[in-house]
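Reading through the structure tokens given below for one structure.
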Amino acid sequence: MDHLLPPEIVKAEHSFTESLAACLDTDALLRLKGAYVGREGSHAARMMELLKAAPKDQKRELGAAINALKQQWEEGLKARQTELEAVKRQRNALAASWDPALPPPVPASGALNPLNRLMDRLVEVFRPLGFHVEEGPEIETEAHNFDGLNIPEDHPAKASSDTFYLAAHPDLLLRTHTSPVQVRTLLRVAKDMAARGGIRFLAPGRVYRKDEIDPTHSPMFHQVEGMLVGHGIGMQHLKGTLEYALRALFGPRTEIRLRPSYFPFVEPGCEVDVSCPLCGAKGCRVCKGSGWVEILGAGLIHPNVLKYAGIDSAEWSGWAFGMGVERMAMMLSQTPDLRLFFENDQRFLKAMGGLD
Ligand code: PHE
């Protein structure tokens, strides 16, 4: 029927539905009603004028088209009126039931990832012993990641099958451990060692290795490095400090055990086990029946590491350790798959106390 109506009416017909939906209160609806079906100056009034002026033989058909359109508009307006009234009633009911004395709804808030909270806890355990936090970049030089740590040119860790090198800068890599923070910190403080009387710090952070992802491996994970340099430091100091820290973390009845091991940057080097905190060293799935769980690598700082930083190894000595955070978090929380720590599934974080 459109072909009978002049363009301005066709345009009005097309914009009606949209204009109707845009009416958010009865005032706006009244204005729209006036513009479309009002007695004067409306689209409907204009249509009546057109009908009057139309040639006799078109009047019937045009009249029917105009009536149909007018009826369509009137029904639309009525339906919208009913809708708006319902909304208004609902709004009034809500306002009447609102009790200003009720506590406001508390929005759900995020929280630190359990790995970050564990690293924070370690920092807090070491703080009373005078340890502060040092940081280093995740993109490292070969010099800091390997050379300064007495790692020989042909060491397997340097292979591109184990380490992520930057394609555009083959001398740069994603650090494979937090030990380069040892090198950076020693280089920085070497000049003031005498004035400082030594140095002690923790270095928590992300590290990267070319490992396939599975329940116990990830190409990105976290370590906490610890280092102390002073006068006459030996294995007894390392053992005593670790015993204190690991008991603070795993409980006062925790025992520790040092097994000889090799890392190029310590001599002697060791791996440290804790008595299984889950079964009380009786033997369980986590400790694989042995009663012990390996927790970190450590040792006395190799003289070459001090020498590289310009520190006299005849005068200074110290210890260092590096521990894997995911391993420890998995054990403490009995989480069987480390990927859960990275996926940020709210249900997991909530179960871990990560969301209040
Ligand atoms: N950097 C070693 C690793 O990633 C851990 C370590 C740190 C060992 C310090 C000894 C001393 O496995």
Derived scalar couplings ³J(HN,Hα) [segment 334-342; Karplus, 6.51 cos²θ - 1.76 cosθ + 1.60; whole Hz; x for Gly, Pro]: 6, 8, x, 9, 5, 4, 4, 5, 9
Free-standing Cys, the chain [no other Cys Cβ under 4.7 Å]: Cys23, Cys270
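Which order do Ser290, Ser109 fall in if you start with the one that has the fewest other Cβ atoms within 10 Å?
Ser109, Ser290
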Computed label-point distance, nm, for sites Ser161 and Asp99 using a 7 Å Cα→Cβ extension: 7.0
Cα gyration tensor shape of segment 2-97, rounded if a/c is under 1.5, else prolate or oblate by comparing a/b with b/c: prolate
Packing-based order for 129-135, 118-124, using average beta carbon neighbours within 10 Å, highest first: 118-124, 129-135
Sequence-distant aspartates and glutamates (8 or more away, or on other chains) whose Cα lies within less than 13 Å of Lys239: Glu255, Glu271, Asp273
Computed [θ] at 222 nm, deg cm²/dmol, the chain (DSSP H ≥ 4; -39,500 (n - 2.57); rounded to nearest 500): -13000 deg cm²/dmol
Prolate/oblate/rounded label for segment 26-78 (Cα gyration tensor, a/c 1.5): oblate
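With a 10 Å Cβ neighbour count serving as the proxy for reagent exposure, in which order, fewest first, do Cys287, Cys276 appear?
Arranged by neighbour count, lowest to highest, Cys287, Cys276 become Cys287, Cys276.
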Exposure proxy order (Cβ contacts within 10 Å, fewest to most) of Lys52, Lys158: Lys52, Lys158
Residues with amide H under 5 Å from that of Trp292, placed H, sequence gap 5 or more: Cys276
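Name the GluC sites (Glu not before Pro) in segment 217-324 that are in a loop by DSSP and that have at most 12 other C-beta atoms within 10 Å, would you?
Glu315
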Karplus-derived HN-Hα couplings along segment 130-141 (A = 6.51, B = -1.76, C = 1.60, θ = phi - 60°), whole Hz, x at Gly and Pro: x, 8, 10, 9, 10, 10, x, x, 7, 8, 10, 8
Three-way shape call for the chain based on the alpha-carbon gyration tensor, with the a/c threshold at 1.5: prolate
Distance violations [Cα-Cα > 27 Å] among Lys11/Lys88; Lys210/Lys282; Lys33/Lys59; Lys158/Lys288: Lys11/Lys88; Lys210/Lys282; Lys158/Lys288
Within straight-line cross-link reach of Lys191, lysines at Cα separation under 17 Å, skipping those fewer than 8 residues along the same chain: Lys307
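Read-outs: derived from the displayed coordinates by stated rules, not from any lab. Remember, it's a predicted structure, so these values are computed and weren't measured experimentally. Cβ sites come from the backbone with ideal geometry, for glycine too, and all protein chains shown count toward neighbours.
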